[in-house]
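This report refers to the structure that appears directly beneath it.
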Amino acid sequence: MYVSHLRSITCSICRTCHLHKATSRTSLVARPASSQATTSALLDRIIRVDHAGELGADRIYAGQMAVLGKTAVGPVIQEMWDQEKHHRETFERLIPEHRVRPTVLLPIWNIAGFALGAGTALLGKEGAMACTVAVEETIGGHYNKQIRQLLEDDPVKHAELLKTIQQFRDEELEHLDKGLEHDAEQAPMYSALSNVIKAGCSAAIWLSERI
Ligand SMILES: [Fe+2]
Ligand SMILES: [Fe+2]
């Protein structure tokens, strides 16, 4: 299938992959301080960027609903938006729980997300769906990268976060499939539009991990 490779990393609890077996063994022994510092930095970066990303996703769907909410595709967008609200709330809870500083770019992602959602929706249903496909493909890959990093660091310690990210990754990829089902590829200048949005998302991820 179109994105089957993005669903390929599901081994946090499987106990069959080499990565998981190796890291499970190392988690049973005492960890040096430098390793704990690495874990702390990893969690800091992951929670900060995912919080920013889910806020951005919430605003994208809000923008799409502002334009297309009363059309036939409204309920489809609303369903995806409801899941994004849950993703955002989850990371809003994890930020204070892990004492993570949110990115200073939140006000920008707030406006940029809404503008991206509304702007692509103005191209029609297909434009909104093309935006969804591009964003969710980027986020699916991003979450898979984080799953690999958490597994490498300590799959036992990160079991709960891994479960959360894997669930959200699966839901993002369901959004991607919905976008394709609803004619994303029929959007005007689909390929160019998709590439621009993916590049923008990757840049937003890079920045939100760092500042
Ligand atoms: Fe999400
Ligand atoms: Fe999503």
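Taking the condition of being touching a residue at least 60 places away in the same chain (Cβ under 8 Å) and within 19 Å of the chain's Cα centre (by Cα), how many residues in the stretch 175-194 meet it?
6
Would you be able to say whether some residue in the stretch 34-41 is open to solvent by less than 50 Å² (accessible area, probe 1.4 Å), modelled with pLDDT of 95 or more and among the small types (Gly, Ala, Ser)?
Filtering the stretch 34-41 for residues open to solvent by less than 50 Å² (accessible area, probe 1.4 Å) gives 35, 39.
Filter once more, so that each one left must be modelled with pLDDT of 95 or more: none.
Within the stretch 34-41, not a single residue is open to solvent by less than 50 Å² (accessible area, probe 1.4 Å), modelled with pLDDT of 95 or more and among the small types (Gly, Ala, Ser).
I need the full set of residues from the stretch 50-65 which are away from ligand 1 (no atom under 11 Å from the Cβ) and either more than 13 Å from THR90 (Cα to Cα) or modelled with pLDDT under 95 (or both), in order please.
ARG59, ALA62, GLY63, GLN64, MET65
Among the residues of the stretch 70-78, is any open to solvent by less than 50 Å² (accessible area, probe 1.4 Å) and under 17 Å from GLY56 (Cα atoms)?
If we filter the stretch 70-78 for residues that are open to solvent by less than 50 Å² (accessible area, probe 1.4 Å), which is where we start, we get 73-74, 76-77.
Restricting the remaining residues to those that are under 17 Å from GLY56 (Cα atoms) gives 77.
Yes, because at least one residue in the stretch 70-78 is open to solvent by less than 50 Å² (accessible area, probe 1.4 Å) and under 17 Å from GLY56 (Cα atoms).
If we keep just the residues of the stretch 93-137 that are acidic (Asp, Glu) and open to solvent by less than 80 Å² (accessible area, probe 1.4 Å), which is farthest from LEU55 (Cα to Cα)?
Kept after step one, since they are acidic (Asp, Glu), are these residues of the stretch 93-137: 97, 126, 136-137.
Then keep just the ones that are open to solvent by less than 80 Å² (accessible area, probe 1.4 Å); that gives 126, 136-137.
Details: GLU126: 23, GLU136: 14, GLU137: 17 Å.
In this case the residue turns out to be GLU126.
The values are calculated or read from the model by the stated rules, or taken from the named source; none is laboratory data. Owing to the predicted nature of the structure, the values given are computational and were not obtained by experimental measurement. Counting neighbours? That spans all protein chains shown, and the Cβs are built from the backbone with ideal geometry, glycine included. Quick note on the areas: whole protein, heavy atoms, side chains included, nothing else; ligands and nucleic acids left out. Shrake-Rupley method; radii C 1.70, N 1.55, O 1.52, S 1.80 Å.
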